[in-house]
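Quick notes on the structure that follows.
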Amino acid sequence: MNNMNPKSLIVIFGATGDLAKRKLFPSIYRLYEKGNLSEEFAVVGVARRPLSNDEFRNYVRESIENALQQELNHEQFVSHFYYHPFDVTDTASYQQLKSLLEELDGIYHSDGNRIFYLAMAPEFFGTVTSRLKSEGLTATNGWKRLVIEKPFGHDFESARKLNEEIRQAFSENEIYRIDHYLGKEMVQNIEVIRFSNAIFEPLWNNRFISNIQITSSETLGVEDRGRYYDHSGALRDMVQNHMLQMVALLAMEPPIKLTTDDIRNEKVKVLRALRPISHDEVDQYFVRGQYGRGVVNGKEVIGYREENNVDPNSNTETFVAGKLMIDNFRWAGVPFYIRTGKRMAEKSTKIVVQFKDIPMNLYYRTNEKIQPNLLIIHIQPDEGITLHLNGKKSGEIMKTAPIELDYCYNCIDGINTPEAYEKLLYDCMRGDATNFTHWDEVAASWQFVDPISEVWENTKADDFPNYEAGSMGPKASDMLLAKDGFHWWPIYHPKQ
Ligand SMILES: NC(=O)C1=CN([C@@H]2O[C@H](COP(=O)(O)OP(=O)(O)OC[C@H]3O[C@@H](n4cnc5c(N)ncnc54)[C@H](OP(=O)(O)O)[C@@H]3O)[C@@H](O)[C@H]2O)C=CC1
Ligand SMILES: O=C1O[C@H](COP(=O)(O)O)[C@@H](O)[C@H](O)[C@H]1O
């Protein structure tokens, strides 16, 4: 097999769903368009509604054209798509799927390589994987891989059970647990910025860094996902996975080599070193919020409790801010502040690394307020880095002025950053699991988050809704930093 142009059959369970339409089909097309797929691939869509192959192919074409806002340039692309209607709880249909895969293996010479992508409700994850094994679909001459969407469980116990179920059919190195933040260009850049720059790595510790802030704010509300979200909340939806993954990448030790195992091992160590938060400490370290009505991007929007499929008295948080301490040599004493929420003022994901003040500042004498040095990693929508320094104020004696060294990745003409799903699908096809989460990371993350959700589920938040849609969250989020003498740095890009 040519590892750069992998060949495989891809079975998408939930092929008529939102994720497949918006992310998976366009990503497969982009890979094909760039020549990253060989012609020896086929996609089999599985869902209940009755569609013929032709109807499915039209649906795929439309999905791609809508998502990419372009016409399909390669007509033959959709001929690689097949549809197999069935209810995944029905055993008999797996036999028909097996025959179809064997037939397609012959047509596409895909060497028995199979990706099973579970893009459907998580309650089916266990059923599908056990049927794939019991009905013989995993017995193939080539490799087999399982891509599993979030949420991976609801807490540690449910995640452990799910893991046990899928491990009956797939080994750990065949399981690709998606965290789409790990496919983002600038999240992948964290390691490179840290480990390939002599000006950062020696300073990357508690001697020189005073705190690190990670914000992932959204302007969207819960849209049509109220049923799922009202049982999840921001802590499970964003913190347990994406936010903790970014913390792990920022805090991990340099891996011995850039292999999947070496990187994952270092990330797991960080997650295990997170200071556990006991039930009676939750209020000290974490803040929850829920949005009320407000104005977002100039439009009036309803409050969370008025959204479709949301309990009108819901106790679910749509905002979380937290202070995380990592109890190891490198990070002892350095708070990592995280915040994420829906219906906030901006759509933005940013990491701000705030360096400590220098020991003695010559310029204090002039009553100048020297700004701390900041390294800002812009994850989205803008992609880049900004370094905040101090320089001499032009024309003045003994006065400083802030300087911003700014590099914008996605401002450069011709650079079209690949979608996270495109990169992750390609990684999976090439057998590179580095940017997928290992079970040990998932387990450690749930173990950290569980005590917080237990307290929040069992205590009514009397002040909900406690932030206006279109704001940066509840006041208590600012207080969380203020009591340590810090404040949240703005999350807009300096050039905006
Ligand atoms: N949408 C998104 O942006 C994101 C989604 N995810 C995750 O991806 C997964 C899919 O989400 P999403 O696409 O939004 O979900 P949807 O509800 O849009 O799609 C569900 C899919 O499953 C199929 N389906 C439902 N029941 C059965 C059944 N018994 N047998 C066979 N097929 C069935 C549906 O088709 P039919 O009705 O025809 O059977 C449909 O294709 C979830 O785990 C979600 O958490 C993760 C991150 C983002
Ligand atoms: O996983 C999820 O992520 C999205 C935010 O992703 P982004 O790439 O747009 O930052 C969030 O809206 C969703 O609730 C959550 O399930």
Starting from the range 43-64, take each residue that is more than 18 Å from A119 (Cβ to Cβ) and list its partners that are at pLDDT below 95, counting only C-beta distances under 8 angstrom and pairs at least six apart or across chains. R61/L72
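Conditions tested, residue by residue: (1) in contact with a His (Cβ under 8 Å, 6 or more places away or on another chain); (2) part of a loop (DSSP other than H, G, I, E, B).
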| residue | (1), (2) |
| --- | --- |
| L387 | no, no |
| G391 | no, no |
| P402 | yes, no |
| N410 | no, no |
| P418 | no, yes |
| D427 | no, no |
| D440 | no, no |
Hey, among F156, F152, which residue is within 16 Å of ligand 2 (Cβ to nearest atom) and either farther than 17 Å from S445 by Cβ or touching a residue at least 12 places away in the same chain (Cβ under 8 Å) (or both)? F152
K460 is checked against (1) among the basic types (K, R); (2) more than 23 Å from N241 (Cα to Cα); (3) part of a helix (DSSP H, G or I) and fails just one. What number does that condition carry? (3)
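Yes/no matrix, rows are residues, columns are (1) touching a strand residue (DSSP E or B) at 6+ places or on another chain (Cβ under 9 Å); (2) more than 21 Å from P418 (Cβ to Cβ):
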{"site": "V11", "(1), (2)": "yes, yes"}
{"site": "F25", "(1), (2)": "yes, no"}
{"site": "N36", "(1), (2)": "no, no"}
{"site": "F41", "(1), (2)": "yes, no"}
{"site": "R48", "(1), (2)": "yes, yes"}
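Is at least one residue of the range 424-434 within 16 Å of ligand 2 (Cβ to nearest atom) and outside the structural domain of D224 (by the TED database)? It would help to see each step written out before you state the result.
Here is the first cut: in the range 424-434, the ones within 16 Å of ligand 2 (Cβ to nearest atom) are 424-425.
Right, trim to outside the structural domain of D224 (by the TED database) and you get 424-425.
Checked against the condition, which is being within 16 Å of ligand 2 (Cβ to nearest atom) and outside the structural domain of D224 (by the TED database), the range 424-434 yields at least one hit.
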Applying the selection to the range 373-385, what residues are crowded, with 19+ Cβ neighbours inside 10 Å and either assigned to a strand (DSSP E or B) or not assigned by the TED database to the domain that holds I193 (or both)? L375, I376, I377, H378, I379, G384
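Could you please find all residues in the range 209-223 being assigned to a loop (DSSP other than H, G, I, E, B) and on the phi < 0 side of the Ramachandran plot?
Taking the range 209-223 as the starting set, the residues that turn out to be assigned to a loop (DSSP other than H, G, I, E, B) are 218-223.
Result: E218, T219, L220, G221, V222.
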Considering only the range 29-120, give the strands (runs of 3 or more DSSP E) lying wholly within it that have at least 1 residues that are more than 16 Å from ligand 1 (Cβ to nearest atom), touching a Lys or Arg at 6+ places or on another chain (Cβ under 9 Å) and among the charged types (D, E, K, R). 114-118
Looking at D179, D105, D155 in this structure, which one is acidic (D, E), touching an Asp or Glu at 6+ places or on another chain (Cβ under 8 Å) and buried (at least 18 other Cβ atoms within 10 Å of the Cβ)? D105
Condition first: within 15 Å of ligand 2 (Cβ to nearest atom), at pLDDT below 95 and out of contact with any His (no Cβ under 8 Å at 6 or more places or on another chain). Can you find one or more residues in the range 228-243 that meet it? yes
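Per-residue answers, yes or no, for (1) more than 19 Å from the chain's Cα centre (by Cα); (2) part of a loop (DSSP other than H, G, I, E, B); (3) polar (S, T, N, Q); (4) at pLDDT below 95:
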{"residue": "R145", "(1), (2), (3), (4)": "yes, no, no, no"}
{"residue": "H154", "(1), (2), (3), (4)": "no, yes, no, no"}
{"residue": "E164", "(1), (2), (3), (4)": "yes, no, no, no"}
{"residue": "A169", "(1), (2), (3), (4)": "yes, yes, no, no"}
{"residue": "L182", "(1), (2), (3), (4)": "no, no, no, no"}
{"residue": "M186", "(1), (2), (3), (4)": "no, no, no, no"}
{"residue": "I190", "(1), (2), (3), (4)": "no, no, no, no"}
{"residue": "R194", "(1), (2), (3), (4)": "yes, no, no, no"}
{"residue": "R207", "(1), (2), (3), (4)": "yes, yes, no, no"}
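Can you give me the ranges of the strands (runs of 3 or more DSSP E) entirely in the range 240-354 with at least 1 residues that are among the basic types (K, R) and farther than 18 Å from S453 by Cα?
Numbers: elements: 286-289, 291-296, 299-301, 319-324, 336-341.
Passing ranges, in order: 291-296, 299-301.
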For the range 69-88, which positions are out of contact with any helix residue (DSSP H, G or I) (no Cβ under 6 Å at 6 or more places or on another chain) and closer than 15 Å to R49 by Cβ? P85, D87
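The values are calculated or read from the model by the stated rules, or taken from the named source; none is laboratory data. Note that this is a predicted model, so its numbers are computed, not measured. When we count neighbours, we look across all protein chains shown, and the Cβ atoms used for this are built from the backbone with ideal geometry, even at glycine.
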